[in-house]
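Comments concern the structure below.
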Amino acid sequence: MTTIGLIGAGNIGQAVARLALDHGYDVVLSNSRGPETLTDVVEGLGDRAVAGTSEEAAARGELVVVTIPLRAYRDVPVEPLAGKVVIDTNNYYPQRDGQIAALDDGSGTSAGLLQEHLAASHVVKAFNHVSSAHLTEHARPTGASDRRALAVAGDDDGAKATVAALIDELGFDVVDVGPLSESWRIEPGTPGYGPRLDTIGLREALAAATRG
Ligand SMILES: NC(=O)c1ccc[n+]([C@@H]2O[C@H](COP(=O)([O-])OP(=O)(O)OC[C@H]3O[C@@H](n4cnc5c(N)ncnc54)[C@H](OP(=O)(O)O)[C@@H]3O)[C@@H](O)[C@H]2O)c1
């Protein structure tokens, strides 16, 4: 894998792009307003960063990160993402995203909604519980004593392994939350959402999470 596509080029999109570039990947960033609005961003990121439309980022990325306000998830292009691993960083904030019944009543998860929309893709929830600033500040090489752990959740074990390997390469240990139906354990308001935890601490936080 050499190219990572990003749908969303805000705080988290740029932080993931920066980490990926630091580790030798090419990145294609996109947003809702069009590539011409990302000129300064890609110039700041360097030669291996380019801007495109969401469709182009989806098509050119061998792995694609969806990192947008959840309310816009139905805008994510479906066809160019078929068969691909898609990382979902999104969180549900009703004050920003509007009320979503399946999340308010606890019958669904935000990542599950994206997976329903991208039925032919392999969605893995990741990078959703770490702030964009900490994503770059807390990255450490394998084996560092203060290495932070990040969670992954997904229904396809192969896709989850791909994302786990990427996260490890970018500087974090990985804890498997389980399928997307369990990803509520790392949504906003849970003990694992936000704090800097190692593998043991994150496992404990996931186990201690309560729904709602
Ligand atoms: N900020 C954090 O520290 C953090 C941490 C973990 C997870 N998250 C979650 O990750 C997601 C992104 O957060 P963020 O802080 O990076 O948001 P942000 O800074 O507001 O950036 C959002 C990006 O998504 C783009 N976008 C919006 N609607 C789009 C659409 N329909 N199609 C394509 N791109 C679209 C925006 O482009 P335009 O500006 O052109 O509209 C912008 O580039 C959110 O769900 C958030 O809850 C955030």
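Below, the figures for the structure above:
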| item | result |
| --- | --- |
| Mean separation of Cα contacts under 8 Å (6+ apart) over length of the chain, as relative contact order % | 16 percent |
| Span from the segment 109-155 Cα centroid across to the segment 25-76 one, whole angstrom | 18 Å |
| With 10 Å bins from 0: P(r) over the chain, alpha-carbon pairs, percent | 9, 37, 38, 15, 1 |
| Dipole moment magnitude, nearest 20 debye, segment 1-53 about Cα centre, only Lys, Arg, Asp, Glu C-beta charged | 160 debye |
| Charge sum, other residues only, whose C-beta stays under 13 Å from Leu45's C-beta, Lys/Arg counted +1 and Asp/Glu -1 | -3 |
| Among beta bridges that DSSP assigns inside segment 87-201, antiparallel share in %, nearest 5 | 20 percent |
| Size of charge dipole - the chain - debye, nearest 20, with Cβ of Lys, Arg +1 and Asp, Glu -1, no other charges | 360 debye |
| Mean ellipticity per residue at 222 nm, deg cm²/dmol - from DSSP H runs of n ≥ 4 across the chain, formula -39500 (n - 2.57) | -9000 deg cm²/dmol |
| For Ile87, distant residues with modelled amide H under 5 Å away | Val64, Val65, Val66, Val124 |
| Considering only the chain, percent of DSSP beta bridges that pair antiparallel, nearest 5 | 5 percent |
| Estimated vicinal HN-Hα couplings, Hz - segment 73-82 in sequence order (Karplus 6.51, -1.76, 1.60; Gly, Pro = x) | 4, 6, 7, 5, x, 8, 4, x, 9, 4 |
| Environment charge at Arg147 (Cβ cut-off 9 Å; Lys +1, Arg +1, Asp -1, Glu -1) | -1 |
| Mean Cβ count within 10 Å, highest first, over the residues of peptides 185-194, 79-88, 31-40 | 79-88, 185-194, 31-40 |
| Hydrodynamic radius by Kirkwood, which averages 1/r over all alpha carbon pairs of segment 1-102, in angstrom | 13.6 Å |
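The numbers here are math on the coordinates, done by the rules we state, and not lab data. Predicted model, so just to flag it, every value in this text is computed and none were measured. Positions of Cβ are backbone-derived with ideal geometry, glycine not excepted, and every protein chain shown enters the neighbour counts.
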